[in-house]
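Notes follow the structure.
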Amino acid sequence: MTTRIILGIESSCDDTAAAIIRGNAQNGAEVLSSIVMGQNALHADFGGVVPEIAARAHAEKLDHCVEQALEQAGMRLSDLDAVAVTAGPGLIGGVVSGVMCAKGIATARGLPLYGVNHLAGHALTPRLTDGVSYPYLMLLVSGGHCQFLIVRGADDFSRLGGTIDDAPGEAFDKIARLISLPQPGGPAIEACAKSGDPTRFALPRPLLDRAGCDMSFSGLKTAVLRQRDALMNGSGALTKRDQADLAAGFQAAVVDVLAEKTRRALDRYLELAPQKPSLCVAGGVAANMSIRAGLETVSAKMGADFIAPPLVLCTDNAAMIAYAGLEQMDLRVPDGIGLSPRPRWPLDTTQPAMLGSGKKGAKA
Ligand code: KG4
Ligand code: ZN
C-alpha cells in the first residue's frame, strides 16, 4: 500500500492545530509533527470561548502553525500528498478559517483536499495511536461532545446515544465557575474533589431511570447551583470544605452516570460484535482519573479491553484529522475546492439530531 504524507489542519474550537503524518490505512501512520496553539489567555476574561475572537485568532495563527508543523517534521509543502482539514462540526468562524487555509495550500500545490468530520478524527484516534482494528465502541467525552459510537470503518459510525444538553467537560467548567475554581474546570474540580466528601450533598444521577445511553448534565449543574446558593445564603461564602464537598459530589455523580451508561452501551455493542469487546475513549474529560477508573471497572466487568490514547492525542489536535483523511482517501474522491464548512455535521445521519449548542458550537 502506498505510503502517504498528509497535512492535517484543525480549528473548530479554541485550538489552532496543524500536523504532519506519514503512513497508510493498512499499516498505520506515524505522527511526524503535531502543533497545537491554544487560545486560553484570549478567552480568559470572558468565562468561555468567544467565537469571533477564536475565528480571528485562528486566521492569524494558521499559517505559522502549518509552517511549524512542516519544520518540525523536516518537510516542505512539495513533500505532501494531500491536505485534510476539519470541515465541521464546530464554531463556524474557526471552521471557515481552517478550510480557507487548507484550500489555499491544496490549490497552490495541486493537492487533493479532504474535509474531515472533527468527531471522526476523535473516533479514529485509537487506530492511529494503538492500531485498534474495527469494530470498536468509542466514548467521546470532551468539553464539546459526549457520545457513544460503534466505529466499523473510517466512514461507518453508529451513534448509540449521547448527551441531550451539556457535554461533561462543559459541565465541569460551569461548576468550577459556580464554586469559584479556575478554568479549565475539569482539572481544578478533580484536584479540589480529592479532599471532599462526595456523600455530603444528595445530587441527582440524571437519566439513569431512562432506558438507553442518552445522558443529561444540565440538571446536575442546577442541583449543584441550588446547594451552593443554600450554603451562600447561610454563611455568605463557601468554605474550602464546602468547595471540596461540592466538587467531590459533582464528580461522583458524573462518574456514576458515565459508568452506568457505558455499561449499557457495551451491552448493546456486545450484542452486535461479541467477538471483539473493546471500549476506547477520547476527549479531555478522559484525563479524569475517577472517570477513567469508573470506565475501566465497567470494561473489566464486561470482559472488554479499555483503550485510552495518550492525552495529547485525546484532546483536540490535527494529527487525528490528518489520520482520518488518510483512511478516507482510500474510500472516496477528494472534496476539492468546492468543500463547504458544516457547523452541524452528525456522524450518524440515521439518528435524530442532538439538541443544544455547546462550547464547541452547535452539537452534531
Ligand atoms: O477534548 P478537549 O481538550 O477539548 C474539547 O472540548 O474538544 O476537552 C476539554 C475539556 C474541558 O471542558 C476540561 O474542563 C475537560 O476537558 N477536562 C477535564 C479534565 N481535564 C480536562 N474534565 C474532568 N477532569 C479532568 N481532569
Ligand atoms: Zn474535539
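No lab work stands behind these numbers, since they all come straight from the coordinates. Just so we're clear, the structure is a prediction, and the values are computed from it rather than from any experiment.
Counting lysine pairs in segment 134-311 that sit 8 or more residues apart in sequence, or on different chains, and whose Cα atoms lie under 28 Å apart gives 13.
When the Gaussian network model of the chain links Cα atoms closer than 10 Å, the mean-square fluctuations of Thr350, Thr129, Thr262 top out at Thr350.
According to the Cα-based calculation, Rg over Rh for segment 134-311 is 1.01, with Rh computed by the Kirkwood formula. Averaging 1/r across all pairs of distinct Cα atoms in the chain and inverting the result yields a Kirkwood radius of 20.8 Å. Taking one equal scatterer on every alpha-carbon of segment 1-136, how large is log10 of I(q)/I(0) by Debye at q = 0.10, 0.20 1/Å? Log10 I(q)/I(0), no solvent term: -0.32, -1.19.
Per-residue 3J(HN,Hα) values for segment 60-71, derived from phi via the Karplus relation 6.51 cos²θ - 1.76 cosθ + 1.60 with θ = phi - 60°, read 6, 9, 4, 4, 5, 5, 5, 4, 5, 5, 5, 4 Hz in sequence order (x marks Gly and Pro).
Please give the calculated 222 nm ellipticity per residue for the chain, where each DSSP H segment of at least 4 residues contributes -39500 (n - 2.57) and the sum is spread over every residue; nearest 500 deg cm²/dmol? All intermediate terms of the calculation are to be shown ahead of the outcome.
On the way: 11 runs with 157 residues, N = 364.
Helix-only estimate at 222 nm: -14000 deg cm²/dmol.
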